[in-house]
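The values are calculated or read from the model by the stated rules, or taken from the named source; none is laboratory data. Computed from a prediction, not measured in an experiment: that's the story for all the values here. Because the Cβ atoms are built from the backbone with ideal geometry, glycine has one as well, and the counts that use them run over all protein chains shown. When the accessible area is computed, the model is the full protein with side chains, heavy atoms only, and any ligands, DNA or RNA have been set aside. Shrake-Rupley method; radii C 1.70, N 1.55, O 1.52, S 1.80 Å.
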Amino acid sequence: MVKTNKQIIRGILIGMYLLMISILLFLTSTLYSFFNTGADRSKMLHTEIKKVEQYLPKINWANDGNEGRYISKQKIEEVQNDYLNAWYVKQIAYRTNTQKVIEDYYTKNARKNIFNIIKYNKEKKTTINATSLIHNLDIEFFSEDGQLIVLKDNNVLEYKKVFTDGKKILESSEISSFRIILLLEDGFWRIRHMVKEASEKFIDTSIKTPISYTNIKGINYYPKATPWNMYGDNFDIQIIEKDFQIIKEAGLNSIRIFVPYVDFGKAAVKTDKLEKLQKILDSATKQNLKVVITLFDFYGNYRLLDWTLNHRHAEKIVEKFKDHEAVLAWDIKNEPNLDFDSRGKENVIAWLDYMIILVKSIDKKHPVTIGWSNIKSAPILKDKVDIVSFHYYEALESFEDDYLDLKNKIKNKPLILQEFGVSSYGGFWRPFVSSEKNQANYYKEIQKVLTKHSVPFMSWTLYDFDEIPKEVVGSLPWRTNPQKKFGFISSKGEKKLSFKYISKE
């Protein structure tokens, strides 16, 4: 028995010895590999700071470049990446009053000023939320040894908000110019010196764009089988073409469609999604239908540090389709006022304001609007949009007075009733409240008012749906079941009584 125990202990000791040897060999081989393959930047620096994923302001490089001294495209990209990362980490530092990652993008001398500002702001309980949206870069000097660059950054568009004790004390938009000295240290371009040479208040000079025509008789559109997933794997342009023919033959002349932010790839917009949107617009043109394109569907963040990502998303879509003959207008966001409570009214409005500026800077031919969820919110940013759009799901008997009141408040802009309707659902969760007959009567009566006052309209929606994503109205049955029955055509493809009043009294 004693002999057996000794053998067991001896075996355990030998096993532990072999395990330790294996660990030492693994660590040795890892160190050898590291020192013989060079440093991996993603492992040396804090990998949570990635410009490609986090921060994408608009960049313009001067065409003249650095005369007399060739700089490779790769070198310019390295300088740009390191420089923008320096902006990004400084913005995080001032927002959180922490020194995290600053040393990776600023030299020891340059860090002193940043750390002093952070220390002062912490003492005063002050934070700065900021972002930059446009940079215009020019390399003025590149040293012979390749270790120093003097960079000029002209007309930088900055937006910032300053808070003390959680209360906003300042909100500003500035156009500034900077001169920067960057040093190459450990293979990375770090800011050695940065001076703001000039600064002035940013003034929006966007030109107002009138709508091509206001005799809009339209409808919000999703395919019957793929609502809220119009560009997915089951995309079928033939089904969409048939639906557009139904819409045209019903006496309508326009549609409103939606572009989901995440599904389209966020900042890295997916080519296949653009191709599907192209087919939809081409099909609309064949039927002589105009299209209101609503951006940022299922987006609701508005975080300041994400603005540049949102801008690159919108930029790629608007640039792609700004000359398409089917486009009637750009709708920045569907019902953004529903995010006021959760995201902050000021944050949402500021995001919308700058998105309008961006879209109008790209497309100077088509008007811009916002799809407010109710008539009360419609006057918000009325001086920035070209069309005031609102949705109306309140009592029918109040519509005419509410519309005329809004028209009296906003006299110099076209108004569009962008969504309206009533469900025909009269099941368990809404017994005796509605029916196909009641739905038809609703449209009959509201069409009288629309005709009387020549109100441009886009109803909700062509089809009933069998399924409603929980992201739309949640998952409670008393909300989802009525939402399924707003269509003029049943989910089986049969025209409902309301179809008679889809376009006229």
Across (1) at pLDDT 95 or above; (2) open to solvent by less than 20 Å² (accessible area, probe 1.4 Å), K119 clears everything bar (2)
Selection from region 296-337 of residues free of Cβ contacts under 8 Å to residues at least 60 places away in the same chain, part of a helix (DSSP H, G or I) and open to solvent by less than 10 Å² (accessible area, probe 1.4 Å) yields N310, H313, A314, I317, V318, F321, P336
Counting only residues that are hydrophobic (A, V, I, L, M, F, W, C), at pLDDT below 95 and assigned to a helix (DSSP H, G or I), region 449-503 contains a total of 3
Given (1) open to solvent by less than 20 Å² (accessible area, probe 1.4 Å); (2) modelled with pLDDT under 95; (3) β-branched (V, I, T), T131 misses just (2)
Considering only region 414-435, I want to know if a residue exists there that is of a type outside the set (S, T, N, Q), out of contact with any strand residue (DSSP E or B) (no Cβ under 8 Å at 6 or more places or on another chain), open to solvent by 80 Å² or more (accessible area, probe 1.4 Å) and not in a loop (DSSP other than H, G, I, E, B).
no
Per the filter on region 390-409, residues more than 20 Å from D331 (Cβ to Cβ), among the aliphatic types (A, V, I, L, M) and in a helix (DSSP H, G or I) are L396, L404
So, first residue outside any helix (DSSP H, G or I) in region 86-101, second residue aliphatic (A, V, I, L, M), Cβ within less than 6 Å, six or more apart or across chains; the pairs are N97/I118; V101/I49; V101/V89
Against the definition (at pLDDT below 95 and open to solvent by 20 Å² or more (accessible area, probe 1.4 Å)), how does E103 come out, yes or no? yes
If we ask which residues in region 134-174 are among the hydrophobic types (A, V, I, L, M, F, W, C), open to solvent by 80 Å² or more (accessible area, probe 1.4 Å) and closer than 28 Å to I71 by Cβ, their number turns out to be 1
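Of all residues being open to solvent by less than 70 Å² (accessible area, probe 1.4 Å) and within 29 Å of the chain's Cα centre (by Cα) in region 389-398, which is farthest from R479 (Cα to Cα)? Just the residue, please. Outline the logic, then answer.
Within region 389-398, the subset open to solvent by less than 70 Å² (accessible area, probe 1.4 Å) is 389-392, 395-396, 398.
From what is left, the residues that are within 29 Å of the chain's Cα centre (by Cα) are 389-392.
On the way: S389: 24, F390: 21, H391: 18, Y392: 17 Å.
Here the residue is S389.
Condition check: modelled with pLDDT of 95 or more, crowded, with 20+ Cβ neighbours inside 10 Å and charged (D, E, K, R). Does D401 satisfy that?
On the way: modelled with pLDDT of 95 or more: yes; crowded, with 20+ Cβ neighbours inside 10 Å: no; charged (D, E, K, R): yes.
When the stated conditions are applied, D401 does not pass them.
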